Every structure is written in C-alpha cells, then in structure tokens.
Amino acid sequence: MNELSQLLELPEAEKVKRGLVHTPAEIAHQPDTWGSTLELFRGKRAEIQKFLLGAGITGATTCDVIVFLVGAGTSDYTGQAISHLLRKLWRCEVVAVPSTDLLTQMEELILPERKYLWISFSRSGDSSEGVAVLAQARERYPEIHHMVISCNPNGRMLRESTGNPKALGICMIDEANDRGLAMTSSFSNMVVFGQCLAHTASLEAYEPLLQKLAAAGKGLLPHTADCAAALAKQGYTKAFFVGSGPLRAVAKESALKVLELTAGKTLTMTESALGLRHGPMAALDDQSLFVCGDKRVQGYERDLLREIGAKKIARRRVVVGGSELASDSYAEDYLAPAGAVGIADEYRAPVDVIFGQLLGLFSSIRWNLMPDSPSPNGVINRVVQDVNIYS
C-alpha cells in the first residue's frame, strides 16, 4: 500500500483529528473525475458553441477578439495553463490576466474599440476581487462577453451571470469543488474544461487524449506519493520548480501548493529553464529541492540539471514527466508516467501538477500541520474575503 493509500484508509476519527478528511481524497480522485468534466462539457457544447460564436470566436485566421483568462492564485494559473492551447486552436490573441491586476489597472489593460471575451475561473465564485472585477467590467465595458467557470453553484459570480445575454455561467462537477483549503482537483478539472473549450470544434479528437491523461495520472499516483512522502520527511526548507511555456503554470501551481500547505515553512520559487541562471539560482543551497520536467526544452533542462549537480547547490533533483531525461542520470528521482509518451506539453498540466500537490500534502504532515486547514493563525483562508474595493 502506497503512502497516499495509507492516508485514505485511516479511520474517519483520525482523519478529522489530523485534518486529512478532504485533501488526500481530493488529490487521489482527480484522474477519475476528468471524464466527468468531459461529459459536462459535452452536454453544454451546443450552448457554448453558440455563445462563442456570438462573442466572435470563429476559429478563422482573421479573428480579432482578445480573450482574457481571468482568475486569482490557482485560478489564474488555470488560465496560464491553457492559454497557449487556446491561442493555437482558436487563432486569436489569448492572455491570462490576474483578476487582481484587472481590478486595479482595468483601463490600462483594455484597448479601446477592440472586442473582448473574458473567461473567468474561480473555485468558490465568491472571492471579493473576483466578484468586484466582473461587476466593474460590466458597468464600464458592457460590450464585453463573459464566460464564468466556477465550482460553486451558489457563488455570486455564477448567480450574477444569470439572465445576462452577454454572459454564460458554467458550474463544474461537484467533485471539483474542493472542501480543503488548497485547490487541487478544482485546478486540474478546470484545466481539463479549458482544454475542452479549446477543442469545442474538435471534441472527438480530444477525447482519446484525455483518456491517456487519466491513465497517466492513475499510473503516476502510487509511486509519486511514495516519492513525495520520502522527500517531505527530509524537511527541505526550499523548493524550486522550473517550468517553461505552458508548464510554467504547473511550476507556479506546484510551488503554491507547497507554500500553502506548509504555511510557508517550505519557501518556494518558480522560474523558466533559461531564466533560473539570471539571478534566482543564487537562492539554491544544500537545503533545496529542485524540480523540472519540460519535454520541449529538455536540452536546456539537462544542462541545468548537470550544472546544479556539479555546483552541488541542491540536495536533490526531481524530474516530473520528462521520460526523455531519465537516461541521463542527472537527477535522483524520475517520475515519468507510463502512457504519457506523445502527450504535448500543452496538455500535461493535470498530470504533472500531481507531484506538487502530493509534495505539499506530505510536507504539511511533516511540519505537523493539518492539510485541510494548514494555516494555524488564519493567515490564509479557503476563500479570500473582506477585501476593501476602491473604485
């Protein structure tokens, strides 16, 4: 029985006592939920196609719509994880813009006389900034079309999209509405939904790819859980996650999971494979864990792994999903899921993020925290509230 299974098999009373009721199960069930998200999309596909056409998304090479992918924290990284794929398949400009930036710099970010579609992601649909930025955008720029994708059917962002002809609200499956503090299955399922969006006109081509992703995720979980648990017991004080292109979002989300679930006891940093040498490498030391795994830039990552090893500036190096690097012996751990060969980097986020989630979970346990609510002083909360909004 692997380390994650052991947590899942604990008596319910012990789960409650240790704050393990939700987070382990929410990480573990992810691959089993992605097919349900596909079915949700399939059921709403006609409605979505009609809405996108009305917003000007036609797939033509002359499409002049600017798509903003809007969210904060993990929800922002959701947009970053799918922006490359959407740009490629929709043939228009797609930019991930944090809702926190839009709230303070909306006028600077909106170009006059241009068509916009905002796709907002939110687990709760109730965060102060997320609600406020949509309200302000609808008041100041009523011509913008809005799609809201949320995991909470009762959230304000969904409720306030009802009855608006230029808005479409979509509630995710209930299994994606994480009850733990840290977003895990919410992230991967919203990314899967975003990949479905990219394939609105070619959903049949995406389905076998999603099946490969689900199989890879299931195969990755047991060994990755054991590896993450073993690494967590070593008590790293720093963790560096490197990702490039569409996998930069995975690096950011993995770093956030470790930071949140350890209440900052493990400090984290993210960079691209080529960006690390331009200053951030100075923070690496013998208390650091280094994680990478981009296939597209594997040559650069191979050089980086070799250099870090030669300089002895990280205690351990981990490659996630980069099976092509596994023969080089420049890292101590290789986590390459079987069946993932041929999956492009644009699609890998739901699978590759699992390692960061598990490392956060087991590091939280290592620091004697409660993963479901790891912030003992209430510094961070499941839903960001009580933010003063200034017009």
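The values are calculated or read from the model by the stated rules, or taken from the named source; none is laboratory data. None of these values were measured; they are calculated from a predicted model. Positions of Cβ are backbone-derived with ideal geometry, glycine not excepted, and every protein chain shown enters the neighbour counts. Just so you know, the surface numbers come from the protein's heavy atoms only, side chains and all, with ligands and any DNA or RNA stripped out. Shrake-Rupley method; radii C 1.70, N 1.55, O 1.52, S 1.80 Å.
The figures follow:
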quantity: Compactness index (Cα Rg / 2.2 N^0.38 Å), region 160-313; calculated: 1.24
quantity: Protein accessible area in the chain, 1.4 Å probe - carbon and sulfur %; calculated: 52 percent
quantity: Max mean-square fluctuation residue, GNM over the chain, Cα-Cα springs under 10 Å, options 98, 112, 246; calculated: 112
quantity: Estimated FRET transfer efficiency (residue 389, residue 64; beta-carbon r; R0 25 Å; 0.05); calculated: 0.20
quantity: Three-way shape call for region 31-122 based on the alpha-carbon gyration tensor, with the a/c threshold at 1.5; calculated: oblate
quantity: Check: region 242-369 dipole with +1 on Lys, Arg Cβ and -1 on Asp, Glu Cβ, in debye; calculated: 260 debye
quantity: Nearest-20 debye value, the chain charge dipole, Cβ charges on Lys, Arg, Asp, Glu; calculated: 240 debye
quantity: Length-normalised contact order of the chain in % [C-alpha pairs under 8 Å, at least 6 apart]; calculated: 20 percent
quantity: Accessible area expressed per residue, region 239-355, with surrounding protein chains retained (probe 1.4 Å, Å²); calculated: 36 Å²
quantity: Full-extension gain in nm, residue 9 to residue 101, via 0.36 nm per residue minus C-alpha separation; calculated: 28.9 nm
quantity: Disulfide-incompatible cysteines by the Cβ rule (no partner under 4.7 Å) in the chain; calculated: 151, 171, 196, 227, 292
quantity: Residues of region 32-173: accessible area per residue with a 1.4 Å probe, Å²; calculated: 42 Å²
quantity: Overall dimensions of the chain by Cα: Rg and Dmax, Å; calculated: 20.4, 61
quantity: Peptide ranges 351-358, 22-29, 368-375 listed from the most packed, as the mean C-beta count within 10 angstrom indicates; calculated: 351-358, 22-29, 368-375
quantity: Debye, to nearest 20: dipole size of region 101-206, +1 on Lys, Arg Cβ, -1 on Asp, Glu Cβ; calculated: 180 debye
quantity: Extension gain from residue 93 to residue 39, taking 0.36 nm per residue of separation minus the Cα-Cα distance; calculated: 16.7 nm
quantity: Most to least packed among 169-175, 359-365 [average Cβ atoms within 10 Å]; calculated: 359-365, 169-175
quantity: Relative contact order [Cα under 8 Å, 6+ residues apart], region 195-280, whole percent; calculated: 23 percent
